[in-house]
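K.L.:
This is the structure I have questions about; it appears just below.
The values are calculated or read from the model by the stated rules, or taken from the named source; none is laboratory data. Owing to the predicted nature of the structure, the values given are computational and were not obtained by experimental measurement. So basically every Cβ, Gly included, is an ideal-geometry build from the backbone, and we count neighbours across all protein chains shown.
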Amino acid sequence: MEGKIKITIAIIISLFILSWLVASLFSQGDFGNVAHIKISGAIMSESGGFLNSGVVSSSDIVDSIKKANADSSIKAILLEIDSPGGTPVASAEIADAVKNSNKTVVAWIRESGTSGAYWVASSAYKIVAHPLSITGSIGVYGSYLDFSGLLGRFNITYERMIAGDYKDIGSPYKPLTDSERKSLQNTLDLMHEYFIQSVAENRNMSVDSVRKLANGKFYLGMEAKNLGLVDFLGGKEVAEEIIKKRENLKEINYVEYEKKSSIFDIFAGMMNGFGFSFGKGFANGIVQNQANIKT
Amino acid sequence: MPKLILCSTWKRLGAFVFDLLIMDFLLLYPFNNIAEKAANAINYSFLAYQGPMTQLIIAVSIIGILYFTLFEYLLGQTVGKMLMRIVSVSADDRRMSVMQAFGRNLFLLPFIPFVFLWVLDPIFIIWKRISLSEMLTKTKTVEVEKWKAR
């Protein structure tokens with residue numbers, strides 16, 4: 001019995017050492033030199049599950065950027081952007097991760113890279129956009145529907161019970177007061193200014209010149225190039241040329257960085273998706289206390 | 001001399017699961033990061049391994065084959081089989097040779113024709129309580145109590 005235990009331990013230790021040696025040989029192998037990270041869909045803090053396919057999570061993108069940063073065989077990151085923007089915090093989180101990356105990050109705007117997505121792109125080393133892509137749209141909105149008139153027609157009244165004058169600001173069941181409107185507008189202006197300052201800093205442009213362009217208008221890629229909002233017109237090939245030149249690479253082999261869904265994620269997502277849709281419909285009919293602010 | 005009794009399918013399955021756990025958590029632990037990188041490489045697809053992924057899969061398979069072959073040749077049992085109290089022997093009830101031990105574990109290679117054994121071995125085990133790999137290598141897996149009594 002003792003001999004058996006000794007042999008067992010000897011085999012396991014020998015094989016572990018062999019595994020470790022083989023693994024260290026592989027770690028020097030070439031698994032790709034450029035990380036390919038896709039930002040496709042509305043940028044939110046969390047993706048909200050498997051069924052929420054039109055949403056990209058800033059947490060996932062930041063994780064991917066961190067993984068690429070930690071990988072010495074990765075020389076650059078190609079950020080493929082096809083997004084209308086998203087929430088200010090989620091967009092800023094990705095923009096910060098791009099800015100603080102120790103790799104060369106090139107943003108490639110395909111169909112659209114507007115608002116928060118442009119914020120992300122602006123923090124990259126260079127921006128490549130298709131001449132017909134849509135970009136810019138530097139602005140913030142927080143619009144919502146006011147149902148108070150409709151409720152009034154059905155003789156339904158909103159019983160306002162609050163502690164704190166602004167607690168139900170943005171409630172769709174009552175019109176905004178002047179002071180509430182002023183407060184919300186002030187918040188949006190602050191966000192807008194922060195957005196402008198960030199883009200100006202990222203793009204090495206003066207704050208005034210960015211402010212002139214930051215009226216919420218979107219620009220075609222070719223217009224954006226003339227305005228200094230993008231660096232190059234073109235597609236993936238142009239982005240690849242920039243990376244090759246900057247990193248002295250002869251060839252680009254991509255490594256896909258994306259969150260892989262396990263079977264549990266898929267089931268959880270399906271449950272979340274069902275719960276989300278059910279809850280959304282239910283909750284929308286009862287209460288919506290906060291203005292929905294997006295960049 | 002007591003006759004050797006072929007082990008039950010459940011004991012085999014239990015032993016195999018234990019062995020996979022040992023391999024996954026212990027022996028293949030150094031491959032964790034590399035496997036993730038290789039899986040992220042864009043030129044990988046499930047049915048057409050290319051580039052470093054092929055080499056990685058071959059390396060991992062060989063370590064798996066070594067684990068099963070060494071244990072079965074030297075002790076007649078892997079760690080999983082020890083826990084489930086079953087033992088692999090030659091068809092003539094003797095200790096198996098190193099070639100028999102090697103041959104019966106070739107099913108671990110994820111390439112044609114070995115992948116066919118992933119389907120055929122379980123069918124044979126359920127049907128005849130002996131796998132096709134065992135039939136081809138003239139080996140079998142039996143209850144440990146009867147083996148000891150001999």
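K.L.:
Take region A:88-123 and flag every residue that is over 19 Å from A:M222 (Cα atoms), surrounded by fewer than 24 Cβ atoms within 10 Å (Cβ to Cβ) and in contact with a strand residue (DSSP E or B) (Cβ under 6 Å, 6 or more places away or on another chain).
P.N.:
A:K103, A:T104
K.L.:
Also: Here are some conditions: (1) surrounded by 16 or more Cβ atoms within 10 Å (Cβ to Cβ); (2) at pLDDT below 90; (3) not in a loop (DSSP other than H, G, I, E, B). B:E145 meets all but one. Which one does it not meet?
P.N.:
(1)
K.L.:
Let me ask something else. So if I check each of B:M23, B:M1, which one is touching a helix residue (DSSP H, G or I) at 6+ places or on another chain (Cβ under 8 Å) and either at pLDDT below 70 or more than 7 Å from every other protein chain (Cβ to nearest Cβ) (or both)?
P.N.:
Going through B:M23, B:M1 in turn, the sole match is B:M23.
K.L.:
OK, next. Look through B:R129, B:R85, B:R94, B:R104 and report the one residue that is in contact with a strand residue (DSSP E or B) (Cβ under 8 Å, 6 or more places away or on another chain) and over 19 Å from B:F18 (Cα atoms).
P.N.:
Checking each option against the conditions leaves just B:R129.
K.L.:
Still on this structure, please answer the following. Can you pull out the helices (runs of 4 or more DSSP H) entirely within region A:1-113 that have at least 2 residues that are more than 11 Å from every other protein chain (Cβ to nearest Cβ)?
P.N.:
Once the helices (runs of 4 or more DSSP H) in region A:1-113 are filtered for at least 2 residues that are more than 11 Å from every other protein chain (Cβ to nearest Cβ), what remains is A:58-70, A:88-99.
K.L.:
Among the residues in region A:37-55, are any over 13 Å from the mean Cα position of the chain (by Cα) and crowded, with 21+ Cβ neighbours inside 10 Å?
P.N.:
Within region A:37-55 (the criterion being over 13 Å from the mean Cα position of the chain (by Cα) and crowded, with 21+ Cβ neighbours inside 10 Å), the answer is yes, since at least one residue qualifies.
K.L.:
Restricting to region A:217-247, give me the number of residues that are surrounded by 14 or more Cβ atoms within 10 Å (Cβ to Cβ), within 21 Å of A:Y141 (Cβ to Cβ) and of a type outside the set (A, V, I, L, M, F, W, C).
P.N.:
1
K.L.:
Test each condition in (1) within 22 Å of A:N204 (Cβ to Cβ); (2) within 14 Å of another protein chain (Cβ to nearest Cβ); (3) of a type outside the set (F, W, Y); (4) under 10 Å from the mean Cα position of the chain (by Cα) for A:A117 and report the one that comes out false.
P.N.:
Result: A:A117 passes all but (2).
K.L.:
Does B:P30 satisfy the condition of being closer than 27 Å to A:N33 by Cβ, within 7 Å of chain A (Cβ to nearest Cβ) and modelled with pLDDT of 75 or more?
P.N.:
yes
K.L.:
If you don't mind, another one. Taking the condition farther than 25 Å from A:Y144 by Cα and not aromatic (F, W, Y), does A:G228 pass?
P.N.:
yes
K.L.:
Also, quick follow-up: So, of the residues in region B:45-57 that are part of a helix (DSSP H, G or I) and within 10 Å of another protein chain (Cβ to nearest Cβ), which turns out to be modelled with the lowest pLDDT?
P.N.:
B:P52
K.L.:
Here's something else I'd like to know. State yes or no: is B:E72 among the charged types (D, E, K, R), within 20 Å of B:L28 (Cα to Cα) and at pLDDT 85 or above?
P.N.:
yes
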